[in-house]
């Protein structure tokens, strides 16, 4: 999974491929490789570890090739080794692959029984061997791709190059794939992310599932052809101009992308609210005016799941519409009851999360309308949804999501207000403006949160607690800390501590207690239970509270006034800063934490 970039054209393919892979490093990976056509042979150069290791090899060898494919791998099948790194190749083809071939063990056994040999432990090489087998039978590349693709099961995307031509091929099933062209420079490109093609391919295409893409370059033309699996021409693709910019690749004055993206949130909140309340997005929300579903099935993974928990509160408390929130990897397997007049609402930053897409597919099979809250226009989730609510967060480079969470939750709140017909309520816009202002003020004094981090970062464990609307924020705060600081952290409902987790409390455990003005006395009582057992108390709560000051070992004071609905988003930014500063003190790789991928395209 993770990054794919392919190039064919008159120039050296190494430059655009390595540049594209560099842009996709934020997705997470553990090895990198490239295949180049040199002297009419397919030459593969690959290395475990960071992309820098591959760059060093290329600096030494200085290869030139008009056609190539590159990949950054996040291991699923087989250890992190050079042999298991992509591309995989032989004397005929080279392939790179994102996703999982679910029937790979069976196919591999069959192919080995037919005399085919394997060089790696990966499922990906099975596709290469199938492709080779069918090519030896037919002598036709397109037919071989079609046959191989129809044999495998699971969600995958493949990019293929061949020894016999300068063409690039791509095909996918429920995994990201984009192809692009530059007719002025006679170049074609293939990637798993349009961001890799910014500045290279002004024209891009998003193929639908099971469409074979064939990129052709020449001295006087450049084009992509699209075919169905029966090799008839296909029109199942979406064309658009690549209007993305490279602004997101610069950290500006910030040390890390995560820090930059935390600081971007005030401006993005203002932009999103203006888009949906006053500008072109208003039409999308107006379609919800008076809308009432019999039930909402909110489904997501990780941080997006936590945003779903926040949105559930909006739908149930503001709209009195029942909402359930499922972890996407569990939704299908509990055989959910899906009834007419219910809605499936799917939340994803990338729009390519495999588990979430599988849940969307189930809802569509059952005849349930599917909506998305998504960041990437043109993503698989976006294309397959009946209605989309874009969060307009821009590219999020930090693997640990920050601004996407805030904008996902805010988009859900705007949907809630649209359903009750209150988008023109002046209190709505003023509360959002106040949220933006309060987060901006928090950004200006984050040094005070760093001081809190300095007092606790050496402790062995962290328990985040919250009640009511802050319970999801306890989950998200804990996730953010464990993602980037590599420490044990858990989120709990504050009232749940006494039912088991309190056994963990001692002088080396920190309770990050979210104490909102709502349920304040009950929440403080829960904190007292931890204090009585020698736990270290860090309270995130209303500023200038004498009883909190007496209780807490450290105190992050916030101004909750005027934020009756959106205070959870405000509190969460404080916890983003706390996680960031703890991670920085521990010296971890904040933007690219180990073992994690930004867009998880495997189940």
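The values are calculated or read from the model by the stated rules, or taken from the named source; none is laboratory data. Small disclaimer: the values here were computed from a predicted structure and weren't measured. We place every Cβ from the backbone using ideal geometry, glycine too, and count neighbours over all the protein chains shown.
Among the residues of region 454-470, those identified as assigned to a helix (DSSP H, G or I) and surrounded by fewer than 24 Cβ atoms within 10 Å (Cβ to Cβ) are 454, 455, 456, 468, 469. Of all residue pairs spaced 6 or more apart or on separate chains, those with beta-carbon atoms under 6 Å, a first member in region 554-565 that is in the same structural domain as residue 457 (by TED's automatic domain parsing) and within 8 Å of residue 542 (Cβ to Cβ) and a second member that is outside any strand (DSSP E or B) and modelled with pLDDT of 95 or more are 560/567. On inspection, residue 202 qualifies as surrounded by fewer than 22 Cβ atoms within 10 Å (Cβ to Cβ) and modelled with pLDDT under 95. Return a yes/no flag: does region 447-460 have any residue that is in contact with a strand residue (DSSP E or B) (Cβ under 9 Å, 6 or more places away or on another chain), assigned by TED's automatic domain parsing to the domain that holds residue 549 and farther than 24 Å from residue 547 by Cα. For region 447-460, residues in contact with a strand residue (DSSP E or B) (Cβ under 9 Å, 6 or more places away or on another chain), assigned by TED's automatic domain parsing to the domain that holds residue 549 and farther than 24 Å from residue 547 by Cα: present.
Selection of first residues in region 349-365 that are on the phi > 0 side of the Ramachandran plot and in the same structural domain as residue 334 (by TED's automatic domain parsing) and of second residues that are buried (at least 23 other Cβ atoms within 10 Å of the Cβ) and modelled with pLDDT under 90, restricted to Cβ pairs under 8 Å at least 6 apart or on distinct chains, gives the following pairs, ordered by first then second residue: 351/376; 351/379; 351/380.
Tell me, yes or no, whether region 46-63 has at least one residue that is surrounded by 19 or more Cβ atoms within 10 Å (Cβ to Cβ), out of contact with any helix residue (DSSP H, G or I) (no Cβ under 7 Å at 6 or more places or on another chain) and modelled with pLDDT under 90. Yes, there is a match, as at least one residue in region 46-63 is surrounded by 19 or more Cβ atoms within 10 Å (Cβ to Cβ), out of contact with any helix residue (DSSP H, G or I) (no Cβ under 7 Å at 6 or more places or on another chain) and modelled with pLDDT under 90.
Restricting attention to region 70-96 and to residues that are more than 21 Å from residue 19 (Cβ to Cβ) and outside any loop (DSSP other than H, G, I, E, B), the residue that is farthest from the chain's Cα centre (by Cα) turns out to be 93. Restricting attention to region 324-343, the residues being surrounded by fewer than 22 Cβ atoms within 10 Å (Cβ to Cβ), closer than 15 Å to residue 370 by Cβ and in contact with a helix residue (DSSP H, G or I) (Cβ under 7 Å, 6 or more places away or on another chain) number 2. Among the residues of region 109-131, the ones that are surrounded by 18 or more Cβ atoms within 10 Å (Cβ to Cβ) and assigned to a helix (DSSP H, G or I) come to 9 in all. Only one of the numbered conditions (1) modelled with pLDDT under 90; (2) under 20 Å from residue 461 (Cβ atoms); (3) under 33 Å from the mean Cα position of the chain (by Cα) is violated by residue 502, and that is (3).
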